[in-house]
Amino acid sequence: MEMLVKAIGILIIAAGLMVFLNPQAARKMMVFWRQGKNLYLGGLIRLLLGGILLYYMPQARLPQVIFALGVLALVGGLLIFVLGLEKLKGVLGWWDKKPDSLLRLLSLLVFAFGALIIYSV
């Protein structure tokens, strides 16, 4: 299970690095998530991620951090279903209009979250 959680952290780091190096990649991802009901897939992925983190939490080096990140993932996943597609597609459209420099700055946060997950396990 530890390897799975570390792999999740590595994927998150890779996503952050990809957006930092190429903000247009983030814009392409936004187009994907806006199509049809793809956002619901994102909600399911977040729920699964939160469940994995909470399941692994007792074995983690920093269980409080893993717990907090797991709860955030679960809440984020639930919010996708509660807020609905139209509202979230509007939010994605809003982010799509932001400058590359802001996307790069936020990608550093994504990178830090992935590193925090790896460090915490």
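The values are calculated or read from the model by the stated rules, or taken from the named source; none is laboratory data. For clarity, every value in this text was computed on a predicted model and none was experimentally measured. Don't worry about glycine lacking a Cβ; one is built from the backbone with ideal geometry, like all the others, and counts go over all protein chains shown.
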Residue in the stretch 106-117 that is of a type in the set (Phe, Trp, Tyr), surrounded by 14 or more Cβ atoms within 10 Å (Cβ to Cβ) and part of a helix (DSSP H, G or I) present: yes
Extreme residue, modelled with the lowest pLDDT, among residues of the stretch 76-118 that are closer than 19 Å to GLY16 by Cβ and among the acidic types (Asp, Glu): ASP96
Matching residues in the stretch 93-118 - criterion: being touching a Lys or Arg at 6+ places or on another chain (Cβ under 7 Å) and under 21 Å from ALA14 (Cβ atoms): ILE118
Any pair with Cβ under 9 angstrom, 6 or more apart, that starts in the stretch 28-43 at a residue that is closer than 17 Å to ASP96 by Cα and ends at one that is part of a helix (DSSP H, G or I) and among the acidic types (Asp, Glu): MET30/ASP96; VAL31/ASP96; ARG34/ASP96
Filter result for LYS98 (part of a helix (DSSP H, G or I), basic (Lys, Arg) and free of Cβ contacts under 8 Å to residues at least 60 places away in the same chain): no
Hey, LEU88 touching a residue at least 12 places away in the same chain (Cβ under 8 Å), outside any loop (DSSP other than H, G, I, E, B) and closer than 17 Å to GLY9 by Cα or not: no
